[in-house]
Each structure stands twice: as structure tokens, then as C-alpha cells.
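One structure is given below, encoded as C-alpha cells.
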Amino acid sequence: MIDREAVARMKRGTLLVNTSRGPVVDPDAVLEGLRSGHLAGAALDVLPVEPPLGSEALLVAWRNDDPALANRLILTPHAAFYSQSSLADLRRKSAETAIDYLYEGRLRDCVNGLDRPDAKRR
């Protein structure tokens, strides 16, 4: 979704953040956008290949202290959610989902169709 063309169409000075899925953003496009100054900064919690191979151009530039990336790139190991409050939310929401299903037969955020009344349960 976010390739070189997409970055080029962004307003100059854009901050790009990806916490969804790695393949959504092309890291080469991020590197090019940062080096050209088109992107003001980028924060990536995910990369197309995880764990990364280490030979990706963006990681090599970061590891080599490329001045174009200084104070403009944040890379995290697919752990941006990790905090005390997010872990508490994860536990609470899991319990609420189980209770909703057990007491009301309701599945919140269901993506496989089991929340339909006509769905067959195994």
C-alpha cells in the first residue's frame, strides 16, 4: 500500500507510522523518503520479514548511522503495544469476550462468521 509512489504523493514533511502489518509499507520507500527529506520521520513497529534478515537497506542504513535517519526513524521489534496498561487491557478484554460468549452467545470482533445465528459450531 505504501510504496515509493504513495510516499511521493504524501505531503512533504509527513510522519509515517506503521503498527499494522509489515508488508503494508515498503521499507525501501521509507528510506528513500527520509533521505530525500520528503518524509519528516518514520516509526515502524513491523517489517515485511520478521525477524528481519538484517540485510534490508533500511536496517543497514540505520545500523551504519546514516545521517538522513538521525532522530527521524524509530524501529521497534513488533512490540509497540507492550506496556503495563496494554497487558491489563489484553487480559480484561479476553475475559470479557469469554464471558460474553458463555453467557450471551455473543462473539465480539469475530472475523470467521461464527457470530452469525446460522453458523454451525463444532
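Summary table below
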item: Answer from A29, A57, A68 - the residue that is in contact with a strand residue (DSSP E or B) (Cβ under 8 Å, 6 or more places away or on another chain), touching a residue at least 12 places away in the same chain (Cβ under 8 Å) and surrounded by 12 or more Cβ atoms within 10 Å (Cβ to Cβ); result: A29
item: Enumeration of residues in the stretch 39-51 that are out of contact with any Asp or Glu (no Cβ under 8 Å at 6 or more places or on another chain) and buried (at least 17 other Cβ atoms within 10 Å of the Cβ); result: L39, G41, A42, L44, D45, V46
item: Selection within the stretch 92-109 - in a helix (DSSP H, G or I), surrounded by fewer than 10 Cβ atoms within 10 Å (Cβ to Cβ) and of a type outside the set (F, W, Y); result: L102, E104
item: Some residue of the stretch 1-18 being surrounded by 12 or more Cβ atoms within 10 Å (Cβ to Cβ), in contact with a Leu (Cβ under 8 Å, 6 or more places away or on another chain) and among the small types (G, A, S); result: no
item: Any hit, the stretch 7-29, residues being small (G, A, S) and in contact with a Ser or Thr (Cβ under 7 Å, 6 or more places away or on another chain); result: no
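Bear in mind that the values in this text are calculations on the coordinates, not laboratory data. As the structure is a prediction and not an experimental result, all values here were calculated from the model. Every residue, glycine among them, receives a Cβ derived from its backbone with ideal geometry; neighbour counts consider all protein chains shown.
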